[in-house]
1. Among the residues in segment 57-70, are any in contact (Cβ under 8 Å) with a residue 24 or more places away in the chain and at positive phi?
2. What is the number of the single condition among (1) assigned to a helix (DSSP H, G or I); (2) in contact with a Lys or Arg (Cβ under 8 Å, 6 or more places away or on another chain); (3) of a type in the set (Ser, Thr, Tyr) that THR14 does not meet?
3. For segment 71-117, enumerate the residues that are within 15 Å of LEU9 (Cα to Cα), among the charged types (D, E, K, R) and touching a residue at least 60 places away in the same chain (Cβ under 8 Å).
4. Among the residues of segment 31-51 satisfying the criterion of being surrounded by 17 or more Cβ atoms within 10 Å (Cβ to Cβ) and closer than 14 Å to VAL20 by Cβ, which is farthest from the chain's Cα centre (by Cα)?
5. Within segment 98-142, how many residues are closer than 16 Å to GLY74 by Cα, surrounded by 14 or more Cβ atoms within 10 Å (Cβ to Cβ) and either among the basic types (Lys, Arg) or at pLDDT below 80 (or both)?
6. Failed condition for LEU7, given (1) over 23 Å from GLY91 (Cβ atoms); (2) assigned to a strand (DSSP E or B), with all others met?
7. Please work out if VAL78 is closer than 22 Å to LEU18 by Cα, modelled with pLDDT of 85 or more and among the aliphatic types (A, V, I, L, M).
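The values are calculated or read from the model by the stated rules, or taken from the named source; none is laboratory data. Keep in mind that what you see is a predicted model, and the values were worked out from it rather than measured. When we count neighbours, we look across all protein chains shown, and the Cβ atoms used for this are built from the backbone with ideal geometry, even at glycine.
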Amino acid sequence: MTAARSLRLSASHTLAGLIVAAHLCAAAAAALALPGWPGGLLAAAFAALGLASAWSRALLRSRSSARVLRLGRGRAEVELASGDSLQVEGGHVSRFLVTLAARHPRRRLLVTADMLDRDSFRTLRIWALWGKLPGVAGKQLAA
């Protein structure tokens, strides 16, 4: 694929905090619902899962973490930390996040606004909605 635009992702400490907080809430609920050591064990498992999820998905520290998005006309690929790449397509787009879907293996990538600079995140949102990179018409350039 000829890369028209490459976007390097950075870690999102906000997303990491939200992931850990959600898992700690689940841990507290499990500890309250199951008394004794089973509830404590389940709570510890939820907390560990939250830390592992934040490490790989928000802080981008694992080998399966996304590092670079390459956007082209109607196509995009994500380069992982391991060097592998996945073809992705646009999904949900909002002011604060964009989801991208990979078909093989089936996986969703969540990109938050603080993982990219403002212009790059705007470019990603436009690409995810329209499958095109923002540009200027030739007549506008000549003026």
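1. Yes - at least one qualifying residue is present in segment 57-70.
2. Of the numbered conditions (1) assigned to a helix (DSSP H, G or I); (2) in contact with a Lys or Arg (Cβ under 8 Å, 6 or more places away or on another chain); (3) of a type in the set (Ser, Thr, Tyr), the odd one out for THR14 is (2).
3. Selection gives GLU77, ASP114.
4. By that ranking, first place goes to ALA43.
5. Matching residues across segment 98-142 total 1.
6. Just one mismatch for LEU7, condition (1).
7. no
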